[in-house]
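The values are calculated or read from the model by the stated rules, or taken from the named source; none is laboratory data. These figures come from a predicted structure and were not determined experimentally. Please note: Cβ atoms are built from the backbone with ideal geometry, for glycine as well, and neighbour counts cover all protein chains shown. The area values use the complete protein model at the heavy-atom level, side chains included, leaving out ligands, DNA and RNA. Shrake-Rupley method; radii C 1.70, N 1.55, O 1.52, S 1.80 Å.
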2 protein chains.
Amino acid sequence: MNIVFFVFDGITALDAIGPFDVLAHLPGAKVTFAGLARGDVRTDNGHLALHADAAIAEISGADLLLVPGGLGTRRLLRDPKTLDWIRALDATTRITASVCTGALLLGAAGLLRGRRANTHFAVRERLADYGAIPVADRVVADGKYRTAAGVSAGIDLAFALVIELAGREVAERIQLAIEYAPSPPLDSGTEERAHPDVVRAVRSRVLEAERQALAALGPNPS
Amino acid sequence: MNIVFFVFDGITALDAIGPFDVLAHLPGAKVTFAGLARGDVRTDNGHLALHADAAIAEISGADLLLVPGGLGTRRLLRDPKTLDWIRALDATTRITASVCTGALLLGAAGLLRGRRANTHFAVRERLADYGAIPVADRVVADGKYRTAAGVSAGIDLAFALVIELAGREVAERIQLAIEYAPSPPLDSGTEERAHPDVVRAVRSRVLEAERQALAALGPNPS
């Protein structure tokens with residue numbers, strides 16, 4: 001089982017590391033973190049660097065491709081090198097998956113046309129720009145595509161994949177190994193359950209950060 | 001709010017990155033990943049390197065110290081440089097916290113004597129070797145110490161810290177920002193809920209990996 005995580009400057013670390021520490025337990029898993037170039041990428045908040053052991057140009061196939069999100073995805077939505085590679089790798093995969101705004105990259109690569117998909121709630125409707133059908137489920141499966149909701153949803157995505165790929169008992173062992181018995185002290189984890197003021201605050205923060213990131217790119221040449 | 005994550009070869013990435021992507025949202029948070037030396041550390045499964053931006057010798061104070069776990073902790077249990085630094089930093093903190101087997105390092109540093117604490121279920125009783133009182137709660141608070149259960153429990157620890165340090169509304173915003181509405185597809189996340197065969201399998205895998213790591217260290221000189 002050859003698993004490739006795409007990493008980039010502006011990634012949200014947990015989007016990748018949540019599924020990573022589930023999927024790496026799969027028997028025979030070989031996991032590779034691949035970036036535009038070999039070397040460090042900085043997380044969206046700037047506080048941490050993850051190391052890409054491979055450049056995407058070195059990776060020509062995978063059983064499972066996982067594309068995490070983060071504000072940095074917006075800079076890549078018009079990057080042909082990224083989108084061409086995602087398309088090329090997708091042509092080799094058994095499963096192509098995203099967490100959070102990684103789905104926007106799958107969409108921009110043209111992989112979600114006519115498919116049900118999810119992403120971070122604040123930009124969910126944006127999926128329709130790529131011909132996808134936005135669905136507010138924590139993990140959405142359509143064909144070989146799996147798209148998870150925001151950030152922490154990647155952990156639930158990964159368990160669904162383990163059940164599918166290796167069966168229920170392996171998934172139970174991994175769940176216990178990482179003691180995944182979550183116990184959030186508050187109940188504010190979805191748009192429906194959070195207070196409307198909280199929803200408004202989070203949505204405007206995401207959209208404002210995105211506006212600034214897109215403005216820094218300059219006018220869209222297309 | 002000056003937050004320091006200790007990182008080391010053999011870390012479990014999610015132990016650190018779960019709390020990181022919660023705590024980094026704290027208003028004014030400055031987060032530093034500190035290792036024995038500056039540079040990359042490899043995760044326990046070998047698949048990923050995280051970058052330590054600072055060497056521990058450069059870090060003399062923190063508001064919050066977080067010590068993650070992973071098999072690599074066992075190699076550090078007799079490392080005076082690590083334990084002296086943890087003790088010295090602890091003398092400056094408002095809160096000292098651990099995830100998973102990070103608690104063994106707090107214990108070996110002498111910080112948990114007479115205190116209630118938790119760690120990964122498979123080694124929980126080991127806490128008594130350091131004079132601590134093992135408690136099977138997801139997050140255990142005693143004085144300024146916070147010790148979480150295995151791996152994914154670090155996320156719940158972090159939300160408890162945010163509520164304590166910045167209040168409920170900030171925590172609600174962060175919970176929605178990372179859509180922390182976990183939905184595990186199975187119910188095998190604790191020793192009590194998992195099937196006994198699963199508990200046995202996970203416990204023996206952890207203990208065997210630990211035995212090999214300790215054997216590689218050679219005889220205890222003390």
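(1) modelled with pLDDT of 95 or more; (2) more than 17 Å from the chain's Cα centre (by Cα); (3) open to solvent by 10 Å² or more (accessible area, probe 1.4 Å): which one isn't true of B:R94, the others all being true? Here B:R94 clears every test but (2).
Counting only strands (runs of 3 or more DSSP E) that sit completely within region B:74-158, those holding 1 or more residues that are charged (D, E, K, R) and within 14 Å of chain A (Cβ to nearest Cβ) correspond to B:145-148. Checked against (1) among the small types (G, A, S); (2) touching a residue at least 60 places away in the same chain (Cβ under 8 Å); (3) open to solvent by 10 Å² or more (accessible area, probe 1.4 Å); (4) closer than 20 Å to B:Y180 by Cα, A:A181 meets all criteria but (2). Residues of region A:1-16 that are under 12 Å from A:G154 (Cα atoms) and open to solvent by 10 Å² or more (accessible area, probe 1.4 Å): A:T12 alone. Is there any pair linking a residue in region B:125-153 that is at positive phi to one that is part of a helix (DSSP H, G or I), with Cβ under 7 Å and at least six apart or on different chains, and which? Pairs found: B:V151/A:D21; B:V151/B:L14; B:V151/B:D15.
Hey, among the residues in region A:184-199 that are in a helix (DSSP H, G or I) and open to solvent by 30 Å² or more (accessible area, probe 1.4 Å), which one's farthest from the other protein chains (Cβ to nearest Cβ)? Filtering first and then ranking leaves A:P196. In region B:21-44, the residues that are more than 30 Å from B:E172 (Cα to Cα) form Cβ pairs under 7 Å with partners that are open to solvent by 10 Å² or more (accessible area, probe 1.4 Å) and among the polar types (S, T, N, Q), at six or more places apart or across chains, as follows: B:T43/B:T12; B:D44/B:T12. Selection of region B:29-45 for residues being hydrophobic (A, V, I, L, M, F, W, C), assigned to a loop (DSSP other than H, G, I, E, B), within 29 Å of B:V162 (Cβ to Cβ) and more than 10 Å from chain A (Cβ to nearest Cβ) yields only B:L36. Taking the conditions (1) surrounded by fewer than 17 Cβ atoms within 10 Å (Cβ to Cβ); (2) touching a Phe, Trp or Tyr at 6+ places or on another chain (Cβ under 8 Å) in turn, B:G70 satisfies each one other than (1). Identify all residues within region A:47-60 that are within 9 Å of chain B (Cβ to nearest Cβ) and surrounded by fewer than 22 Cβ atoms within 10 Å (Cβ to Cβ); write none if there are none. Within region A:47-60, A:H47, A:A49, A:H51, A:D53 meet the criteria. Scan region B:17-40 for residues that are buried (at least 23 other Cβ atoms within 10 Å of the Cβ) and either farther than 17 Å from B:A97 by Cβ or in contact with a Gly (Cβ under 8 Å, 6 or more places away or on another chain) (or both) and the total you get is 3. Would you pick out the residues in region A:159-183 that are at the interface with chain B (Cβ under 9 Å from one of its Cβ atoms) and in a loop (DSSP other than H, G, I, E, B)? Selection gives A:I178, A:E179, A:Y180, A:A181, A:P182, A:S183.
Residues checked against (1) surrounded by fewer than 22 Cβ atoms within 10 Å (Cβ to Cβ); (2) over 22 Å from A:D84 (Cα atoms):
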| residue | (1), (2) |
| --- | --- |
| A:T101 | no, no |
| A:R126 | yes, no |
| A:A136 | yes, yes |
| A:A149 | no, yes |
| A:G154 | no, yes |
| A:A158 | no, yes |
| A:V162 | no, yes |
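Annotation: of all residues in region B:200-215 being in contact (Cβ under 8 Å) with a residue 12 or more places away in the chain and open to solvent by less than 60 Å² (accessible area, probe 1.4 Å), the one that is farthest from the other protein chains (Cβ to nearest Cβ) is B:A213.
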